[in-house]
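Visitor: To start, I am sharing the structure in question, which I have written as structure tokens.
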Amino acid sequence: MTDLKLAVKEMIIQRLKLEDMTAGDIEDQAALFGEGLGLDSIDALELVLGVEQTFGVKIEDEAAGLKAFRNVEALTAFIQEHKPA
Amino acid sequence: MNLVLGQLPHRFPFLFVDRVLEREPSLRVVAEKLVSMSEPYLQGHLPGRPLVPGVLMLEMLAQTAAFLHEDSLGEVPVFLAQVLDARFKAPAYPGDRLRLEVRTDAAFGSLQRIDGTVTCEGRVLCTAKLLLKMGAPMELAPKVRRAGGEP
């Protein structure tokens, strides 16, 4: 697991208080919302704030969120692509 | 009052905003609710000792938050999605003029997190952090596995 991917998983666990989970429990390809990790749509705001405060990457709107929050792999790629130099 | 009725779909006996005093769209709203002995819920809460239920103060703040939106919500209500924190410091009684103040703390898409305060003559009665979903019906995905609770 890359360092960034691990950091993304740890951020998700911490921000959404998934205290009974570890980074190893979250599969890279598993959907974050609905099936998979099973997050509620109302968790989106907390995730947006987590990405912004932890990685300095802003998710501007729902369209960007839809793309970034597909799964951990997509979110890691999104952060990699947009993070400040 | 026309502003209130035009903005909120709520009606008697569940309209809890009487007047909007200050309004900075997307940022901050101050509204007012006058509590009268005629409020139907005071008959049962509590007999001989009427006081406004704390949960209704949260509802008042949620309804106030609807005025953060510039456009009328019409038939589409504001959904209270999450109560992140709520403190009830003192009760509200019939005769009280409640000042309802909400400020946007964070927002994304149709989700808005607000800090709300209910005061009466300068005394803080209730503070709360609420998550609201505005302008679209709530479509929740299956519940999440969280610590200390669900199977």
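Bear in mind these aren't lab numbers, they're just calculated from the coordinates by the rules spelled out. The structure displayed is predicted, hence computed values, not measured ones. Positions of Cβ are generated from backbone atoms using ideal geometry, with glycine treated the same way; all protein chains shown enter the neighbour counts.
Visitor: Would you order B:R23, B:R123 from fewest to most other beta-carbon atoms within 10 Å of each residue's own beta-carbon?
Guide: Taking fewest neighbouring Cβ atoms as first place, the list is B:R123, B:R23.
Visitor: I would also like to ask the following. Residue-wise, which Karplus ³J(HN,Hα) couplings in Hz belong to the range B:95-100, taking 6.51 cos²θ - 1.76 cosθ + 1.60, θ = phi - 60°, and x for glycine or proline?
Guide: Values per residue, Gly and Pro as x: x, 6, 9, 8, 9, 10 Hz.
Visitor: Let's see if you can work this out: charge +1 on each Lys and Arg Cβ, -1 on each Asp and Glu Cβ, no other charges. What is the dipole magnitude of the protein assembly as shown about its Cα centre, in debye to the nearest 20?
Guide: Once rounded to the nearest 20, the dipole reads 780 debye.
Visitor: Hey, can you grab everything whose amide H is under 5 Å from the amide H of B:A81? Only 5+ residues off in sequence or another chain; H modelled, so Pro and N-termini drop out.
Guide: So B:A81 has HN proximity to B:L131, B:L132, B:K133.
Visitor: Here is a further query. Relative to the present Cα-Cα distance, how much length would full extension add between B:H45 and B:R11 at 0.36 nm per residue of separation?
Guide: 10.2 nm
Visitor: How do B:M37, B:M134 line up, fewest other C-beta atoms within 10 Å first?
Guide: B:M37, B:M134
Visitor: Next up: If you place +1 on the Cβ of every Lys and Arg and -1 on the Cβ of every Asp and Glu, how big does the dipole about the Cα centre of the range B:3-97 come out, in debye to the nearest 20?
Guide: Rounded to the nearest 20 debye, it is 360 debye.
Visitor: Ok, one more. What is the ratio of the Cα radius of gyration of the protein assembly as shown to 2.2 N^0.38 Å, where N is its residue count, to two decimals?
Guide: Dividing the Cα radius of gyration by 2.2 N^0.38 Å gives 1.16.
Visitor: Residue by residue through B:104-110, how many Cβ atoms from other chains fall within 10 Å of the Cβ on average?
Guide: Mean partner-chain Cβ count within 10 Å for B:104-110: 5.
Visitor: Okay, next question. Within the set of other residues whose C-beta is less than 12 Å from the C-beta of B:V30, count the net charge using Lys and Arg as +1 and Asp and Glu as -1.
Guide: Taking every Cβ under 12 Å from that of B:V30, the sum is +2.
Visitor: Mind checking which lysines have their Cα closer than 21 Å to the Cα of A:K67? Skip sequence neighbours fewer than 8 apart in that chain.
Guide: Hits, sequence-local ones excluded: A:K5, A:K9, A:K58, A:K83, B:K133.
Visitor: Could I ask something else about it? With unit charges on the beta carbons (Lys and Arg positive, Asp and Glu negative) and the dipole taken about the Cα centre of the range B:2-133, which residue among B:L111, B:L15, B:C126 sits farthest to the positive side?
Guide: Projecting each Cα onto the dipole axis, the largest value belongs to B:C126.
Visitor: Something else now. Through the Karplus equation 6.51 cos²θ - 1.76 cosθ + 1.60, θ set to phi - 60°, convert the phi angles of the range B:82-88 into ³J(HN,Hα) values in whole Hz; use x for Gly and Pro.
Guide: So the J values, rounded to whole Hz, are 7, 9, 8, 6, 8, 10, 10.
Visitor: Please report the net charge: other residues with Cβ closer than 11 Å to the Cβ of A:K58, K and R +1, D and E -1.
Guide: Summing Lys/Arg as +1 and Asp/Glu as -1 gives -2.
Visitor: Sort B:Y41, B:Y93 so the one with the fewest other Cβ atoms within 10 Å of its own Cβ comes first.
Guide: B:Y41, B:Y93
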